[in-house]
Amino acid sequence: MPSDGVGRVCSTMNKNLLGATTSLGRSHLVVAAILSAGIVMSAPGFAVAQAQSKNESLLQTREGPELAQADTGPARLQAGQHRFDIEAQSLSSALVVFSRISGVDVVFDGVLPDGATSAGVNGDMTTASALDILLRQSGLAWSVINQSTISIANPQQDNAQSSANITEPITVTAAIRNLGPNGVPDEVYETPGSIAVITQESMRKSPVREARDIFNQVAGVDISNDARDPGLTVNVRGQQEMGRVNVNIDGARQNYNQASHGASSRVYLDPALLAEVEIEKSNLNQNGGAGSSAGIVTMRTLNTNDILDDDEDWGGKVNISHGTNSYDFAGDASAGARISPKLDVSATISRKVIGNYRAGTHNPGLFVTGNGTYHDRDSSRSDYTFLRQTSGLVKANIYLTEDQELNLGYVGSKSNYAKTNDIANEKTDFNETKTDTLTAKHNWNPETDLVNLDTNLFWTRTENSQYRPARYSAAGAIEHDPYTNLFTVDTAGGDIANRSEFDLTRFGDGLSEFGLGYGTEFFHDKATTRSEVEDLGGSGDLPYQVEGNTPAGQRDVYGGYLTGTYGWNDLFELSAGVRYDRFALDGDSYWCEAVPNFFGSANQCATDNDASLDIDLVQDKVSPSFGFGITPVNGIQLFANYRENFRAPTVMETMLKGSHLGGVPLSFFSNANLKAEESRTQEIGANFKFDNVLQQGDGFRAKVAYYRTTVDNYITMGYVPTPSLLLASLTGTYQAAGMVNLSDPVYIHGTELEMAYDGGEYFLGGTLTTSDMDLKGTYDPYILDTTYSAAALSVADQYGSASSLNGVYAPPKRKYTLDGGFRLFDQDLVMGMRATFVYPQDNIGHATLSTSVGEYFKYRVFDFYSSYEVNENVSLRFAVNNMLDEAYVQGSGGTYAAAPGRTAIVTLSGNF
């Protein structure tokens, strides 16, 4: 059955709500305004509104009003009976309930009579009989448009007077349903490409410890940082970090990078602030695609309409959670107010307090490192996994005119946590990460099909203050001085886009349409790092050397696109586009060799052996894209897509320099010749959308896709020789590292499937993801523009192969999820189970000498969730995550900290 939602009757004359609104349990109905008088064309049980010529009207498509369904003629309602239970109420509310039960869309010409009420309708009967009863007190008549759409009109109303006041007929339609265990909207299964949506229903039904957990049920998506860091590193189809995936908050890019063992790119946001997450994997020929190659992840935060029902002028929501395994407290409160027809505002605040959790006990084996060392739950402790997080947002929506609105927003958070860069949790950093995001959006949508203009401006800052305590020897002496780093990344940008629609001449028996989308975007990254080192008698690092691991610099990225789409009668769609991308990156760098001392280890680079290095990179590319979709039979859509993309390197990738912290004999070299990545992605897939499959009112939805991506100039970290090769004679180890372009293409291909069946009282869904990656490329290890010694050149065979790569994280080779349950007691009680099965890649591609990355073991996780709606204002949830107390590390987890063990959480939710 559909998820919670509202239906309503409204007038587009002044865009004010005229009809009453009602909650419809698990139904989700929408009001679609037809921009000019038109016909509603339908698949079985559901309608899609399409505009005809502006000179036609709905009344011209019918011979006249009927009080019962016609037994003859081309337009007849679906046969069969339904069980109706509609109380006597306002007519607008009753029509919405009727549409939800019957699957029949209602088009009303005019304004509902003031105070119009419906008669009660109860029992099993045909749609026509129910309509007769429903309207018998209203003086209105109904007629059939097609088998799933009827029109209601007032036969006594003067048509001339009506046309003077009403310019747009209104459709009350059940065209959008949110089916399955996660309430995924139908748009996902109507889009000829790979797209996924994480709904608020999915995020709320089982409280999460970290934001990463909300992505667990999405095909083709993984999170690559472990639970010791609350930031998100989203992996889409095998690609992650450094802008390959544009992860944004309300359209504002989050481009923060910080070097560490494991993932470097992170986004910080409490899921309590989220209304919805959309993951676009196919169409990057739009604003948001600049500098990206794998996908666009848009995290939309709460706004007034997410907090208030349609008939509320003010109100709010509260959620409070407490659980076991150090899940101490999580709470959020939201409030909104419609101050006037021209202004509404909203705000949300969230607080989370979590302690150091306990890992699972069953199947304690976790992973092996690159050098083959075995680790279990006891050798990969989950110490230092606490989190203190405070988040909030403020929104204002200003309706300037009937066709213009301005949306202003602020989202911010502060997170205090600890993170270790080693498996044994012996070297801990304490972090305070702050984020601030400002957005300003303007939409202009006048009464013309040629203009639907969106303009967006944004600024975001992520700032991490990291304190690293002193390191001590076994004898208690200070080996390394403590220091504090302040990492800051500011990103500012904007974009503008327009969509123009053209109705073409009729072709055959269908309507031809052509759409043109075009826009441009720009963003600027500025990274700064400041370091303060205390002098306690240890070896110490010079501040400027510490700053080199997460370097300063700036980058400008531009993009523009043009896309044309031709569609015929909702059965055929063809699209083609082109985009232009350009980047410019500059900054001052240096390179130096770590200097060996008498004990065979290495001091950091000294000030007298640095060589300056100027970084100035500029590159651009034109990339085409094509798409095709066809609906050969009702309910099945086939699609195919091809695109090329251009991914600019980041400041951190290009400017990395200095020495490894803590006296490790390893230098980092900047690569002044780093090239942008160029990728090609092909995919084929199908959407399935059927209703009334096993019983009246049920629904089945599915999306399947196969993709293949080829990436040229793939950027990753590799070991490289130092020009003099001085250190190798003492240590015999690799002595430098830098970001390199792989000479061989990287191939990624996989299959994604997600499906859901919803029968109202029960539901079942799941996903399947397979992925295979070839990351064993070669590279040129001589990345410095300098003279290398004969000794350095003589060891070329030790560098430049897959065994000397580092920092590549592959998603699971196979991942399956299942989700099913029941809705009991008029669907007030929901109980469900989720299962996740993960199998790692056979081909990881990491350096064989690495001690921080490796291959994790397969695992399975079972979760239980439930909710009970006490009344319309209060609900109670209870969940148990990791019911079998499995010990595991999450796939692509970077440093591979053990995941939380069994955790039970209870949540109290209320509306006011």
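Bear in mind that the values in this text are calculations on the coordinates, not laboratory data. Just so we're clear, the structure is a prediction, and the values are computed from it rather than from any experiment. Virtual Cβ from ideal backbone geometry, glycine too; neighbours counted across all protein chains shown.
Quote the convex hull volume per residue of region 424-471, based on C-alpha atoms, as a whole number of Å³. Let's see the in-between values first.
Working: hull volume 4.9 nm³, N = 48.
For region 424-471, the hull spanned by Cα atoms encloses 103 Å³ per residue.
Ranked highest first by average number of other Cβ atoms within 10 Å, how do 262-272, 870-880 line up?
Numbers: 262-272: 24.6, 870-880: 15.1.
Taking the mean over residues of other Cβ atoms within 10 Å, the ranking is 262-272, 870-880.
For the peptides 830-837, 335-342, the ranking by mean Cβ contacts within 10 Å, running from highest to lowest, is 830-837, 335-342.
When each of the peptides 626-635, 768-777 is scored by the mean number of other C-beta atoms lying within 10 Å of its residues, the order from highest to lowest reads 768-777, 626-635.
Note that region 304-313 has calculated 3J(HN,Hα) couplings of 4, 5, 7, 9, 9, 6, 5, 9, 9, 8 Hz, one per residue in order, obtained from phi through the Karplus relation 6.51 cos²θ - 1.76 cosθ + 1.60 (θ = phi - 60°); glycine and proline are x.
Bridge orientation summary for region 225-301: considering DSSP beta bridges with both residues in this region, about 70 percent are antiparallel. Remark: region 574-580, residue by residue, has Karplus-estimated 3J(HN,Hα) of 10, 9, 8, x, 8, 9, 10 Hz, where x stands for each Gly or Pro and the curve is 6.51 cos²θ - 1.76 cosθ + 1.60 at θ = phi - 60°. In loop segments of region 376-454 as defined by DSSP, the GluC sites (Glu not before Pro) with at most 14 further C-beta atoms inside 10 Å of their C-beta are Glu402, Glu426, Glu447. Cβ crowding within 10 Å, taken as a proxy for footprinting-reagent exposure, orders Ser789, Ser293 from fewest neighbours to most as Ser789, Ser293. As a rough footprinting exposure proxy, the listed residues Leu179, Leu753 were ranked by other beta carbons within 10 Å of their own, and the order from fewest upward is Leu753, Leu179. Between amide H atoms placed 1.01 Å from N, distances below 5 Å from Gly538 occur with Asp481, all of them 5 or more places distant or on a separate chain. Between amide H atoms placed 1.01 Å from N, distances below 5 Å from Ala737 occur with Ser667, Phe668, Phe669, Val720, all of them 5 or more places distant or on a separate chain. Residues in region 256-269 carry Karplus couplings, in order, of 5, 9, 8, 5, 6, 5, x, 5, 10, 8, 9, 10, 10, 6 Hz; the curve used is 6.51 cos²θ - 1.76 cosθ + 1.60 with θ = phi - 60°, and Gly or Pro positions show x.
For the pair Phe912 and Ala440 in one chain, pulling the backbone fully straight at 0.36 nm per residue adds 167.0 nm over the alpha carbon distance.
Placing R0 at 25 angstrom, the Cβ-Cβ distance between Leu536 and Asp614 gives a FRET efficiency of 0.10 after rounding to 0.05. The dipole here belongs to region 252-911: it is taken about the Cα centre, uses +1 on the Cβ of Lys and Arg and -1 on the Cβ of Asp and Glu, and is about 1360 debye.
Pairs of Cα atoms in region 252-911 fall into 20 Å distance bins, from 0 up to the last occupied one, in shares of 15, 49, 31, 5, 0 percent.
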